[in-house]
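S.K.: I am attaching a structure below and will ask some questions about it afterwards.
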Amino acid sequence: MESTLISLMHGFGVAFQLDNLWYAFLGCLVGTLVGVLPGIGPLSGISILLPVTFGLNATQAVIMLAGIYYGSQYGGSTTSILMRIPGEASSVMTCIDGNAMAKKGRAGAALCIAAVGSWVAGTFGVIMLTMVAPPLATIALKFGPPEYTALLVLGLIFLAYMSSSSLVRTLLMACIGLLLGMVGIDNMTGHFRYSFDLAELGDGIGIVPVAVGLFGLGEILSTPSHKVVGEVISPKLRELLPNRREWRESIMPIARGSVLGFIIGIIPGSAHIISSFLSYALERRVSKHPEEFGKGAVAGVAGPESANNSASTGAFVPMLALGIPTGPITAVLIGALMVHGVNAGPQLVTEHPDVFWGFVASMYVGNLMLLALNLPLVGLFVTVLRIPYAYLYPLIIMFCIVGVYEVSHSIVDVWIMLIMGVLGYALRKFAFDPAPLVLGLVIAPLLEQSLRQSLIMSNGDYLIFFSRPISLGLLIVCAILLALSALTLVLKQKDWRTKLAEAEAGEELAS
Amino acid sequence: MTLRADHVAGAAFVLFGALVLALSGDLPTGQLSMPGSGFLPKIVATLTIVFGLALMVRARESSPFSEVPWSDGKHAIMVTVVTAAGIYFYTVLGFLITMIAMILALLVIVERRNPLRAVAYGAAIVLFTYVCFAYMLKTPLPEFGY
């Protein structure tokens, strides 16, 4: 514990350097704007701005990009509350009660509760990250190829289990992602795979064109501008503070949301989205006045907003300590670190303490910046929201093209982005979630390498995965999750994920 | 039998998996003690086919294919065509000309906005972006005849 505190102090020394403070601020500001604007999420924002970080060092780059991620969780609530349009996927639940509060003239209070809840949860998440990540990294140093193989398989199975769409659909997306991740030269044998004699494909398909295409362009293709209309409620600055009753009603939801969000954040999957749904369901279940939900319940804003912020921080734990992406956003962040010559994983704490502790410390600072940014600048965000979507999305397409091209100055990457955009549009039409595809793409090289290394170690004996205790434990968890999913199929009952998805869909239709 | 959305999606995945298997013909599978470059791709392609078939078998849980909403299809096609043209000319005509033209096309042809306003908006935004990237971020963008 003492060494952790000393390292954290060192991290603050790094975080408080003027240029690192500036990049933290820039990331938070851009993240908030990304969260505010519908049609562009943190994944697109991070992917598009990744090339901008090439001139920075690894610490500055990860501080700025992470700032975009957790900043977007703050910003998403603004659009949800003022326009009833989720600025970001994890802010869907805030639309319901947040906008209802705004219509009652309590927009300022809703914004303030969302901002304070986000700050409390974000700070809680960072404290937990500080305590959990280093010991987890120490344990992970004992991982060998069989353990990594089992962990990556567990990550995919967990993602499939936690998804509210069917197991088969999620696994299909993961398979497509794995196949895309195997395009290019095979590192172990030197064979070119599926590159069709294109030199650019020899290096494989990058995560940036796929992520920007699927989530940025794909979203634009399926959103005609006439669908994005909404009245913007403009709160007055003097009405920003909640009253005593509202503060009292928000305390426990913020606390519960913080803990729930962090735990879910560690688990693979779109944690920041799932956490807000689960928090809303929890608050409605424990509330003494569940009939108020949907009509402006403070807990309906405080809980989900706290949960999604805490989850976004929790997602950094496996990313930093194990080098395992738990979702597409952390996958892109790992990619960003790799571009700067830093490998996320257990050795990050020991080999790059400046990067790790500087990043952790900057999150304390970043959360404070976001609290200061979100409330006084709400007028600016209202102005931004009034820009018609028809004028915004051409701008986003321009940034997508520029951003993807700047990664490796390859026009093939931009064409891949367009193809992925069309694929993303088609996937949405057939109700497929593209997130597992991106995860599969990122972990494909890791999974293949660790699987093949394990088989080489064991001379082809698959029992190596069952003879090592950590690997065995992880595979047992995989089996339990698969069995639980199969059970619902056999019993033809709806499990908690399907019920939750239906409940949310019903609420959105009703409201 | 009603054609369902999952019939179509499942069939697409089955075909894709079969295509990958066909393209993997010359990749060595290797042995268990020394897996080759075709080892995992063939396993994953086979799994794709299996899951695609599973999707088709359970297709009655999905909506009929005729009910899949395609009302935004025209918008999607037009945006795709304009973006494709922008990508094609990006390294030929350079950032400034291509992006102004692309934004103009999206605003005037796709969104049917006022052309003068679109020109002013497009030019201002593209020039501002050019200045930010070229001078503030020191990231050169493609020039004409690049």
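The values are calculated or read from the model by the stated rules, or taken from the named source; none is laboratory data. Predicted model only: the values in this text are computed from it and were never measured. Every residue, glycine as well, gets a Cβ built from its backbone with ideal geometry; the counts of neighbours run over all protein chains shown.
S.K.: Give me the helices (runs of 4 or more DSSP H) completely within the range A:1-57, filtered to those with at least 2 residues that are within 30 Å of A:Ile401 (Cβ to Cβ) and not aromatic (Phe, Trp, Tyr), ordered by residue number.
M.R.: Hits in the range A:1-57: A:18-36, A:42-49.
S.K.: Another question about this same structure. Among A:Leu395, A:Leu439, which is the only one that is surrounded by fewer than 24 Cβ atoms within 10 Å (Cβ to Cβ) and either out of contact with any Lys or Arg (no Cβ under 6 Å at 6 or more places or on another chain) or more than 10 Å from chain B (Cβ to nearest Cβ) (or both)? Working first, answer last.
M.R.: Numbers: A:Leu439 fails: surrounded by fewer than 24 Cβ atoms within 10 Å (Cβ to Cβ).
Checking each option against the conditions leaves just A:Leu395.
S.K.: What is the one condition in (1) more than 10 Å from chain B (Cβ to nearest Cβ); (2) touching a Pro at 6+ places or on another chain (Cβ under 9 Å) that A:Leu463 does not satisfy?
M.R.: With (1) more than 10 Å from chain B (Cβ to nearest Cβ); (2) touching a Pro at 6+ places or on another chain (Cβ under 9 Å) applied to A:Leu463, the lone miss is (2).
S.K.: Could I ask something else about it? Return the total of residues in the range A:373-383 being part of a helix (DSSP H, G or I) and either in contact with a Leu (Cβ under 7 Å, 6 or more places away or on another chain) or not β-branched (Val, Ile, Thr) (or both).
M.R.: In the first step, residues of the range A:373-383 are kept if they are part of a helix (DSSP H, G or I); the result is A:373-374, A:378-383.
Subset that is either in contact with a Leu (Cβ under 7 Å, 6 or more places away or on another chain) or not β-branched (Val, Ile, Thr) (or both): A:373-374, A:378-382.
Looking only at that region, the number is 7.
S.K.: Now for a separate question. Looking at (1) touching a Phe, Trp or Tyr at 6+ places or on another chain (Cβ under 7 Å); (2) among the small types (Gly, Ala, Ser); (3) modelled with pLDDT under 85, which one does A:Gly403 not meet, given that it meets all the others?
M.R.: All conditions pass for A:Gly403, except number (1).
S.K.: Now a separate question. Which ones in the range B:1-31 are outside any helix (DSSP H, G or I), hydrophobic (A, V, I, L, M, F, W, C) and surrounded by 15 or more Cβ atoms within 10 Å (Cβ to Cβ)?
M.R.: Correct list: B:Leu27 only.
S.K.: So, one more: Counting only residues that are part of a helix (DSSP H, G or I) and farther than 21 Å from A:Ala331 by Cα, which one in the range A:403-427 is farthest from the other protein chains (Cβ to nearest Cβ)?
M.R.: Checking each candidate, the answer is A:Val412.
S.K.: Which numbered condition in (1) more than 30 Å from A:Gly421 (Cβ to Cβ); (2) within 14 Å of another protein chain (Cβ to nearest Cβ); (3) of a type outside the set (A, V, I, L, M, F, W, C) is the only one that A:Gly55 fails?
M.R.: Exception for A:Gly55: condition (1).
S.K.: Additional query: Where residues in the range B:32-48 are among the aliphatic types (A, V, I, L, M) and buried (at least 20 other Cβ atoms within 10 Å of the Cβ), which of them is nearest to A:Leu446 (Cα to Cα)?
M.R.: Kept after step one, since they are among the aliphatic types (A, V, I, L, M), are these residues of the range B:32-48: B:32, B:34, B:40, B:43-45, B:47.
Cutting the leftovers down to buried (at least 20 other Cβ atoms within 10 Å of the Cβ) gives us B:40, B:44-45.
Values: B:Leu40: 12, B:Val44: 15, B:Ala45: 18 Å.
Only one residue tops the list, namely B:Leu40.
S.K.: In addition: With respect to A:Ile476, is the statement that it is of a type in the set (Val, Ile, Thr) and either away from chain B (no Cβ under 13 Å) or free of Cβ contacts under 8 Å to residues at least 40 places away in the same chain (or both) true?
M.R.: Yes.
S.K.: When A:Met9 is evaluated against the numbered criteria (1) surrounded by fewer than 18 Cβ atoms within 10 Å (Cβ to Cβ); (2) touching a residue at least 24 places away in the same chain (Cβ under 8 Å), which criterion, by number, is the only one it fails?
M.R.: (2) is the only condition that A:Met9 fails.
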